[in-house]
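**Q** Mind having a look at this structure? Questions to follow.
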Amino acid sequence: MTTSLAHNQSRRRFRVLAVAGLTCYSLLLSAIPAIAADQKKSIQHGRQLAQSCAACHGIDGNTANPALYPNLAGQAPAYLELQLANFKSGERPNPIMKSFAASLKDSDMHDLSAYFGAQPVKAQPQSNRDLEERGKRIFTKGSATGAPACASCHGARGHGQAAFPRIASQPASYTLEQLHVYRDAPKFNNPLATEMKGVAVKLSEDEMKSVAAYIATVP
């Protein structure tokens, strides 16, 4: 009798838990359309805001002038949003971007980042196979001078992971410029930027050019 009673109680507890689980699952499913609708609204508003970015970054976030400007398409929205906030505050110095970001509300930054993050990015065409192959070795294995592999932070394909941004498909000139900034700046307040400085100072100029050339061609 005792065994039977315990068995029945166990079955009742299982039924209660199962019903509770189904209820939670149903609530989650019912929330998905609302989340999707909000995301769609953000992206639509972001596209409107992106008109002001098109001259430099392209309306879809793929720059028409890779010698000067980075791609924004396919970038992690959280990273883009943080950069806009940093431009606005001056944490990341850039007079042109500071002026643009100054007019944006927090919700605008969120929507603009969501829009660009949702756009497919276009890799740059290959131009120097030898340089790109040297860059691939640095990207995957690190440099002879002790710089760690880029893939260890930015992912095996450079698509970004955790707090680290996507670097794949960025124009080589932009990546090289950023590596110079990290190498030459006296210090950074942002710990991730400080970490990048520690990488950049271990790369020679030729190694920087090589890895920048490789990254540009990765889709």
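**Q** For segment 69-114, run through the trypsin sites (Lys or Arg not before Pro) and keep only the ones in DSSP coil with at most 13 other Cβ atoms within 10 Å of their Cβ.
**A** Those satisfying the criteria are 105.
**Q** Set the Förster distance to 25 Å, then compute FRET efficiency between residue 190 and residue 162 from the Cβ-Cβ distance, nearest 0.05.
**A** Using R0 = 25 Å, I get an efficiency of 0.95.
**Q** Please give every one of the aspartates and glutamates within straight-line cross-link reach of residue 40, meaning a C-alpha to C-alpha distance under 18 Å, and leave out same-chain neighbours fewer than 8 residues apart.
**A** 60, 81, 106, 108, 111
**Q** Quick check: the distance between the Cα centres of segment 85-125 and segment 198-219, to the nearest angstrom?
**A** About 24 Å separates the Cα centre of segment 85-125 from the one of segment 198-219.
**Q** By accessible area of protein heavy atoms, probe 1.4 Å, what ranking do 197, 141, 202 get, highest first?
**A** So the residues, ranked largest to smallest area, are 141, 202, 197.
**Q** With θ set to phi - 60°, apply the Karplus curve 6.51 cos²θ - 1.76 cosθ + 1.60 along segment 188-194 and write out the HN-Hα couplings as whole Hz, x wherever there is a Gly or Pro.
**A** Computed from phi, the couplings for segment 188-194 are 10, 7, 6, x, 5, 5, 4 Hz.
**Q** Once phi is turned into θ = phi - 60°, what whole-Hz ³J(HN,Hα) does the Karplus curve with 6.51, -1.76 and 1.60 give for every residue of segment 202-208, x standing for Gly and Pro?
**A** Here the 3J(HN,Hα) series is 9, 9, 6, 4, 5, 5, 4 Hz.
**Q** Right, another one. Students often forget the sequence filter, so: which lysines lie under 29 Å Cα-Cα from residue 202 once same-chain residues fewer than 8 apart are removed?
**A** Partners within reach: 136, 141, 187.
**Q** Another question, then. Within the accessible area of segment 111-219, what % is carbon and sulfur when the probe is 1.4 Å and the other protein chains stay in place?
**A** Of all accessible area on segment 111-219, carbon and sulfur atoms account for 55 percent.
**Q** Evaluate the distance, in nm, between pseudo-label points positioned 7 Å from the Cα of residue 48 and of residue 106 along their respective Cα→Cβ axes.
**A** In this crude spin-label approximation the distance works out to 2.1 nm.
The values are calculated or read from the model by the stated rules, or taken from the named source; none is laboratory data. A quick note: this is a predicted structure, and the numbers were derived from the prediction, not measured. Using ideal geometry, Cβ is built from the backbone for each residue, glycine included, and neighbour counts are taken over all protein chains shown. For accessibility, only protein heavy atoms count, side chains too; no ligands or nucleic acids. Shrake-Rupley method; radii C 1.70, N 1.55, O 1.52, S 1.80 Å.
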